[in-house]
Amino acid sequence: MFDQNDNLVQPFQLESSHLRGRLVQMGSVLDIILHQHAYPAVVGHLLAEAIVIAVSLATSLKYQGVFTLQAKGDGVIRMLVVDVTNDGGIRAYAQYDADRLGDAAADTKLLGKGYLAFTCDRTGADDKYQGIVELTGGTLSEAVQHYFRQSEQLPTGLIAAAHSDGQGRWRGGCLLVQRMPREGGINVESATPEAEDWTRAMMLLGTCTPAEITDAAITPETLLFRLFHEEGVRVYEPTALRHQCRCTQTRVENMLKSLPRAEIEELAVNDLVTVTCEFCNKHYPFDKKTRDTLYAVNK
Ligand SMILES: [Zn+2]
C-alpha cells in the first residue's frame, strides 16, 4: 500500500531567477487519511488540497516539531486541520455540516467566511510561529498567497489540485515557488530584474495544469523540467511522506484524567466511555473498571 515514490516532496531551485520551490505529489497517503472517515467527495477533495498545501508550506520552513494548517469558516465545511511533522508524518481531518452538503458548490463556498491559520509548534521552544489570514472567498491557495504577500512580504506563488478516480484512489499535488528570504525586503512590483524573474516564474507556474500536477505517471523531475527548464531548475533530495497519527493510549488517558470524572461518566454508553481520535478515527474504549483505576492513580 505504501509507496515512497508516490508520496514525496521535491525541493528545487530556479538558478537563473534565484527562486526556490517545492513540488508535492501524493497518492496512497491521501487514501489512508481520507479513508479513515467516510467523507463526501467534495469534503475529501478540499481536505486533500489542504494536505498538499500544508506539506508544501511545512517543508519550506526549518523546524523540529509540528506544523499545523487550520482553516475555519461558516460554510458547509466548518474546519480543516492538517498536521505535518518535520520528518514527513502527516495527519488530517475535516468537520462538515452533512445537512448542508446539497448546496455545496465551489471551494470558496464550502468554507465560507473565516480564517486560515498556520502554527509551527517547535519541539522544546516556548514560542510558536503563528500566522493567520482571512478566508476572503478565494481558494485555499489564494488565501496562502495573500498571507505571504501581506504578512511576510515573501512573494509566494502556488497551485494545488486533488482528484479521486471514483474508486476511492486519490491523487494530490502542489507546486510552490517562493523568493528566498533576504535582508532589506523584496519588491517584486517595481521594474527590476528581480521583478522580471518573478513575473516569468509565475507565468510558468501558471501553465501547470491540475491534470499534470496530479498525474502519477509524471515524475517530479519531468514536471519541473517541463515547466522550468529555461530557468535552470536544480532538484534536491526529496523527502518521503507518510501517514502518522500521534494519538496514543497514554495521551488519551492523560486527557481523560485532566477532566472531572463526573463529566466523563456522563459520556458512558452501556457503561463504556469511548474516546475517538478526531484525526485517525481510532477508538479508545474505557470500561468502568479501567476508569476506576485511572482516577485512583490520579489521586
Ligand atoms: Zn489518532
Q.
Whole-Hz ³J(HN,Hα) for each residue in region 10-27, computed from phi via Karplus 6.51 cos²θ - 1.76 cosθ + 1.60 with θ = phi - 60°, x for glycine and proline: what do you get?
A. 10, x, 8, 9, 9, 4, 6, 10, 6, 10, 10, x, 9, 10, 10, 10, 9, x
Q) So between Ala216 and Asp292, what do we pick up on full extension, going 0.36 nm a residue minus the alpha carbon distance? A) 22.2 nm
Q) For a paramagnetic label modelled at 7 Å from the Cα of Gln167 toward its Cβ, which residues of region 221-260 fall within the zone defined by backbone nitrogen distances under 12 Å? A) none
Q | DSSP loop GluC sites (Glu not before Pro) with at most 11 other Cβ within 10 Å excluded, longest remaining stretch of the chain | A | 1-182
Q: Give, in nm to one decimal, the length gained when the segment between Thr119 and Asp271 is fully stretched (0.36 nm per residue of separation minus the Cα-Cα distance).
A: 50.9 nm
Q: With label points built 7 Å along Cα→Cβ from the Cα atoms of Thr209 and Met255, find their separation and express it in nm.
A: 4.3
Q) In terms of the Cα gyration tensor, with a ≥ b ≥ c the square roots of its eigenvalues, is region 1-57 rounded because a/c is under 1.5, prolate because a/b exceeds b/c, or oblate? A) oblate
Q: Go through the chain and flag any cysteine with no other cysteine's C-beta closer than 4.7 Å, please.
A: Cys120, Cys174, Cys208
Q.
Against the empirical 2.2 N^0.38 Å scaling, what ratio does the C-alpha Rg of the chain come to?
A. 1.10
(Q) Shape verdict for region 108-265, please, from the Cα gyration tensor: rounded (a/c under 1.5), prolate (a/b greater than b/c) or oblate. (A) prolate
Q: Give me the lysines in straight-line cross-link reach of Lys288: C-alpha distance below 28 Å, same-chain residues under 8 apart excluded.
A: Lys257, Lys299
Q. Can you list the HN-Hα couplings for region 127-136, worked out from phi with the Karplus curve (6.51, -1.76, 1.60; θ = phi - 60°), rounded to whole Hz and with x for Gly and Pro?
A. 8, 10, 6, 9, x, 9, 9, 6, 7, 9
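Any read-out appearing in this document is the output of simple, stated calculations on the displayed coordinates, not a laboratory observation. As the structure is a computational prediction, the values presented were derived from the model and not from experiment. Reconstructed Cβ throughout: ideal geometry from the backbone, glycine too, with neighbour counts over all protein chains shown.
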